[in-house]
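The structure follows.
Values quoted throughout were computed directly from the atomic coordinates according to the rules given, and no laboratory measurement underlies them. Worth saying up front: this structure is predicted, and the values here are computed from it rather than measured. Cβ coordinates were reconstructed from backbone atoms using ideal geometry, including for glycine residues, and neighbour counts include every protein chain displayed.
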Amino acid sequence: MVPSIRPTLLLFLLLQAFLFWGDPAAASIQEQYCESLPPVSNHTGPQCNASVDLIGTCWPRSAVGQLVARPCPEYFYGVRYNTTNNGYRECLANGSWAARVNYSQCQEILSEEKKSKLHYHIAVIINYLGHCVSLGALLVAFVLFMRLRSIRCLRNIIHWNLITAFILRNATWFVVQLTMNPEVHESNVVWCRLVTAAYNYFHVTNFFWMFGEGCYLHTAIVLTYSTDKLRKWMFICIGWCIPFPIIVAWAIGKLYYDNEKCWFGKRAGVYTDYIYQGPMILVLLINFIFLFNIVRILMTKLRASTTSETIQYRKAVKATLVLLPLLGITYMLFFVNPGEDEISRIVFIYFNSFLESFQGFFVSVFYCFLNSEVRSAVRKRWHRWQDKHSIRARVARAMSIPTSPTRVSFHSIKQSSAV
């Protein structure tokens, strides 16, 4: 059975039929052309006569029972279609054409504008999916660091704060996506500018907490400085405090020189965004220098060492080596021009959307879920819970043992004798 035309095309078909059959001259020419076409086969038996369907496709004379293929229409209702595909119609046994025509393989040739919109919508879906996955993983990692007090050393406190910064950035990303619309952008109200400032602040804190990770490792491994002398407040100042005046300076610059569209985007010739982008690039480059020195030391001096502290440093360096390029590449992509090539632009959109949205997930995996200290502490907690649960079960079973019949009869005899 030949599939029918999709219901969504019915209105277009009727309109095309009205336009086509409303012009008798055009209809007559089309029918004459269709009649002049040779039959599909040389069959001399019953045939379906040549026919023009509602959208103007010519179906030449064909033998009964035959499924006839004709090229898709080049244009239909102002839309171009791929003519290399075919539409199908069956010649019935009674010598008439089937009322239903299968145009399901006729695909629209998308214009550049429609292609861009399609890729943009797919990129938006990737962004939402990535941020949802990242936020879920980050929240799990945050709870683990909060609950596992046995591993609360300075190194893991830095990991914890980095994860917190990513949580806040992901949360403000959702606020931006759900509250910002073209009307809000045009109105440029105060609250939307504050939301943009908060998002950029947490974006900067991500990089400064990564800088804190690099500072800690560089101090401990390259400078061989005792980490016991390092204080938590130093890293809090680096991660949370330093970005604040940077964003304040950026907000003042936006207020005076680019105060429009909720401070998103930038006007030509105005470079206020570099007020916060510049420090981010600077700490990123410093971190690359730190990592170069750290890897050099680990490859030379610490290779023979097998102490647990050195092993932890090595694992932290591996995590940072993986995460820092991820963080850096995604940010540097904003300064890369993908060019005019269509494939380059599509790859750029998808690659950037994936890395940008899944950063938080990668941070959670490398700094928490693959952290041997966290995994060991979770296993201990689990075994402790199992032991406590099994002890309670044994006590409950012991308390629920029924009184023996002998003891019951003894008490009953004693009571009856007393009476």
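Any chance you could run the full-extension gain for Val347 through Ile289? It's 0.36 nm times the residue separation minus the Cα-Cα distance, nm to one decimal.
On the way: separation 58, 0.36 × 58 = 20.88 nm, distance 2.95 nm.
The span from Val347 to Ile289 would gain 17.9 nm if fully extended.
Further question: If N is the number of residues in the stretch 111-192, what value comes out of its Cα radius of gyration divided by 2.2 N^0.38 Å?
Details: Rg = 18.0 Å, N = 82, 2.2 N^0.38 = 11.7 Å.
It is 1.53.
If you don't mind, there's one more thing I want to ask. With 10 angstrom as the radius, rank Glu74, Glu213, Glu183, Glu373 by how many other C-beta atoms surround their C-beta, starting from the fewest. Spell out each step's value before the answer.
Working: Glu74 10, Glu213 27, Glu183 7, Glu373 18.
Arranged by neighbour count, lowest to highest, Glu74, Glu213, Glu183, Glu373 become Glu183, Glu74, Glu373, Glu213.
Continuing with this model, one more query. If neighbour count is taken as other Cβ atoms inside 10 Å, put Phe354, Phe366 in order from fewest to most.
On the way: Phe354 16, Phe366 20.
Ordered from fewest to most neighbouring Cβ atoms within 10 Å, Phe354, Phe366 come out as Phe354, Phe366.
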